Each structure stands twice: as C-alpha cells, then as structure tokens.
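The values are calculated or read from the model by the stated rules, or taken from the named source; none is laboratory data. Just so you know, these numbers come straight off a predicted model, no measurement behind them. Every residue, glycine among them, receives a Cβ derived from its backbone with ideal geometry; neighbour counts consider all protein chains shown. Ligands, DNA and RNA are excluded from the accessible area calculation, which covers all protein heavy atoms including side chains. Shrake-Rupley method; radii C 1.70, N 1.55, O 1.52, S 1.80 Å.
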Amino acid sequence: MWCRRLACLLGLPCWQSRRAGHGSLGLPHSTRTVPTAAARCHHTAPESLSCAWQLHGDHLELRYANTLMRFDFVWLRDHCRSASCYNAKTNQRSLDTASVDLGIKPKAVRVDETTLFLTWPDGHVTRYGLEWLVKNSYEGQKQRVMHPRILWNAEIYRQAQVPSVDCRSFLETDEGLKEFLQNFLLYGIAFVENVTPTKEDTQILAERISLIRETIYGRMWYFTSDFSRGDTAYTKLALDRHTDTTYFQEPCGIQVFHCLKHEGTGGRTLLVDGFYAAEQVLRQAPDQFELLSKVPLKHEYVENVGDCHNHMIGVGPVLNVYPWNNELYLIRYNNYDRAVINTVPYDVVHRWYTAHRTLTAELRRPENELWVKLKPGKALFIDNWRVLHGREAFTGYRQLCGCYLTRDDVLNTARLLGLQA
C-alpha cells in the first residue's frame, strides 16, 4: 500500500488496517494521540475509495480519491467549520485567524470512511469531509477548471449550432435564462432574438442578468459614426480584432451590442475566440505563452473631444492565468490602445514581440474568424475577457446601442441557476 511503502522509504513506523471500517491494528476507529517524536502513518480502505494519511512536522499528508494532498496545520485549524469557528447561516468565518498559534499541531487524528477528525491541544475538534478536502485542497484545485469552456474557431462554432434564445423566454423564464447563460459561459458569446430595437428594451434585457457597469461612456450608449468620442470605433472605418477597455485596471467583463438601424452596406461584426488562439500558442510555443502571461504592459486612453476629457491607464499582461492550474481567464489585446512599452527590459522586449506576433498570427487566421451581421432585434452578448471583436468598414447610417455589464453579477446569476461559473 502507498502508506506502508512511503513509511518504509522514510524509515517511519506504519500501521495498516485489515479491512474497511477498521483503524490501526484492525481495531474499530478511535481517536489516537499522535506522538510528537516521529511522524505516524495510517491507512483505511473503504470499498469504494482508499484513504491513507501521514503526519509530518508541519503538515498532514492525505491520499484520497487518487489525490495526494498536503495540508498545513494552521490551514486545517483556520478552515474549521464547527459552530464556534464558522457561521453556517452567513457562510462566513467566525474564527480570528490571527489568534491561531502558527506552530499549532493536532493532538490526535482520526479518519473514518468519510471524515477526517482533528483534536487540537485545547481540546477543540475539527471535522472535515474527505470529499470536501479533495475539492478544496490545492492539489484538487490544480486538477479542476474554474470555468468550463468550449474553445472554438468559426467551423467549430457553426457545427455546434448554438441556438439563440427568444427574448420573451430570456426575460420571463429561468429555463430560457439558464440556456442563454450556459451558451455564454461555454462559448463566450450568446444571442437573444426578437428584441424590440430600442435602447430602453436593450437595457431591460441587460439588467435581467447583471447590473450595468457605468463607465466614462455612460451606462447605456448609442454608437454612431459621428466621431463624438475620441475613438476609432466612432467612425465608419474597419476595426481589427480587439478587446475593449484594456486601459481599465479591470477591463469590463461583458459587452452588449444591439444594432438598432443600418441604412447602408458592410459593417459585419467579427468575433474571434481569443482563448482558442492562445491555446494554439500554448501547444506550439509554451515559452511564448508564458512570456505573454508574465510581462506587464500599459494600455492607455487619452481623450480630448468636446466635453470629454479622459486619461485612463490599465496595466497587465496580454494573457492572464490562474497560477495554480495555468487556466487562462483574461486576454487583454488591443493594438490600438497599447501604450509605450516601458515596463519591459531591453533583453526581453524582442522575445515579447516574437510571442505577440505568434499570438496575433493565430488571432488573424481566417478559419478563426466568425462574421456576424447584426440586425435590429438581435442582441449580442460578448465575454470581453475572452472573445475579441471587430468590424468591417461600412457605408450609410449605422446606429448601435449597448452597455457593459459587471462580470461578477453575470457569474452570480449563473451560479444561482446551478451553473458552474
């Protein structure tokens, strides 16, 4: 058994149960006082999942459900879910973490088929479900993704035949809302059909899933080619793929577009899954992916048009990943708004440009481009942390309305409907 082999390698004494439901030396489970002079090893073997643990000088090592986990003793005391340590009604910690002795060690340890029991020097008993420990351990989190996704290029998305959700179903039923949010979480884009083409009705749509994030552009905005703002978007020119508000320290999470009117030609919307492109970089050139995830850059927005005077600066790498599992959660890509690169030493700059070129080549592959013609009545929601958007040049009068949504509120709505977000 793993426990016995590990003990032998370490030169430590080890006890192993004979059958499921028995503790050390085959006796029924009971709390054991743990000697402090040497680490001790214990093993139980329920019918479905084996569990083995070993006590070290500053942590507990536990194997369960094919996961080897290590828990610091202070962590184990700090996360106690007993009534005196944790308020189950508010889901908040009651224990004062700063009061925990940093040199604390359990006086006794016991494990049965489902639960770990720890007795502390003051007699307090902490209980942890083994499944809870797997889910919440560092090692368990490394094996999980925070946000399940389906990465796509144009063909993958078309073949998936992701349905749009009808406006009435979206607004009036949890089923319609859940279907919409599931599509959005998986693909980073989602459509609502049969929306009355007004700014007011678009606002009602947006507020179904989130608070509207007010920015320097206001809450709900109209979007025309009158150059009323100091931004290329307020023209008839083509826009290359990009994410919005890269010059915010926290870029806006979701963008809503609704074309209210277009009397002219062109103006198709371009959508590219930035995570799909980044995944190709990771596979082909992992060192370049790592560089793009670690080098901080500035993005800047300077505006002096009419009454609009703004100077925004956001700092962060192009690719942002969770450090424990390397899962990508945010791409900050906008060649229009990238500021002077003065946060990177000279001996790194050229390698960064090479990595940036590799990512750009993936983002610009024609097979990765999904072109959509926005029409009155069809609202588009875009995950601005994942999907890049752009447009082709157009003629005539084209009016869009839209807004930004707070990402936290959208994910909150999804979780309340039972989705992983």
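Figures for the structure shown
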quantity: Close pairs from the stretch 363-389: first among the charged types (D, E, K, R), partner in a loop (DSSP other than H, G, I, E, B) and buried (at least 21 other Cβ atoms within 10 Å of the Cβ), Cβ under 6 Å, at least 6 apart; calculated: Asp383/Gly188; Arg386/Gly188
quantity: Residue in the stretch 115-125 that is of a type in the set (Asp, Glu) and in contact with a helix residue (DSSP H, G or I) (Cβ under 7 Å, 6 or more places away or on another chain) present; calculated: no
quantity: Residue within the stretch 176-186 that is assigned to a loop (DSSP other than H, G, I, E, B) and open to solvent by less than 60 Å² (accessible area, probe 1.4 Å) present; calculated: no
quantity: Failed item in (1) in a strand (DSSP E or B); (2) in contact with a Ser or Thr (Cβ under 8 Å, 6 or more places away or on another chain), with Gln288 passing the rest; calculated: (1)
quantity: Hits in the stretch 58-78 (condition: surrounded by 20 or more Cβ atoms within 10 Å (Cβ to Cβ), under 16 Å from Pro121 (Cβ atoms) and touching a Gly at 6+ places or on another chain (Cβ under 9 Å)); calculated: Phe73
quantity: Given (1) in contact with a strand residue (DSSP E or B) (Cβ under 7 Å, 6 or more places away or on another chain); (2) without any contact (Cβ under 8 Å) to a residue 40 or more places away in the chain; (3) open to solvent by less than 60 Å² (accessible area, probe 1.4 Å), number of the condition Asp166 does not satisfy; calculated: (3)
quantity: Test set (1) assigned to a loop (DSSP other than H, G, I, E, B); (2) modelled with pLDDT under 95 - Lys261 fails condition number; calculated: (1)
quantity: Residues of the stretch 101-112 classified as closer than 21 Å to Gly129 by Cβ, β-branched (Val, Ile, Thr) and in contact with a helix residue (DSSP H, G or I) (Cβ under 8 Å, 6 or more places away or on another chain), total; calculated: 1
quantity: Number of positions in the stretch 368-421 that are over 26 Å from the mean Cα position of the chain (by Cα) and not in a strand (DSSP E or B); calculated: 10
quantity: Qualifying positions in the stretch 289-319 - in contact with a Phe, Trp or Tyr (Cβ under 8 Å, 6 or more places away or on another chain) and open to solvent by less than 20 Å² (accessible area, probe 1.4 Å); calculated: Leu292, Val295, His299, Tyr301, Gly314, Val318, Leu319
quantity: Residue within the stretch 329-346 that is aromatic (Phe, Trp, Tyr), under 25 Å from His389 (Cβ atoms), surrounded by 13 or more Cβ atoms within 10 Å (Cβ to Cβ) and at pLDDT below 95 present; calculated: yes
quantity: Hits in the stretch 290-315 (condition: out of contact with any strand residue (DSSP E or B) (no Cβ under 7 Å at 6 or more places or on another chain) and either under 24 Å from Arg351 (Cα atoms) or not assigned by the TED database to the domain that holds His350 (or both)); calculated: Glu290, Leu291, Lys294, Val295
quantity: Residue in the stretch 78-91 that is of a type outside the set (Gly, Ala, Ser), assigned to a loop (DSSP other than H, G, I, E, B) and touching a Cys at 6+ places or on another chain (Cβ under 9 Å) present; calculated: yes
quantity: Checking Val349 against (1) open to solvent by less than 40 Å² (accessible area, probe 1.4 Å); (2) under 26 Å from Lys142 (Cβ atoms); (3) free of Cβ contacts under 8 Å to residues at least 40 places away in the same chain; (4) not aromatic (Phe, Trp, Tyr), the condition it does not meet; calculated: (2)
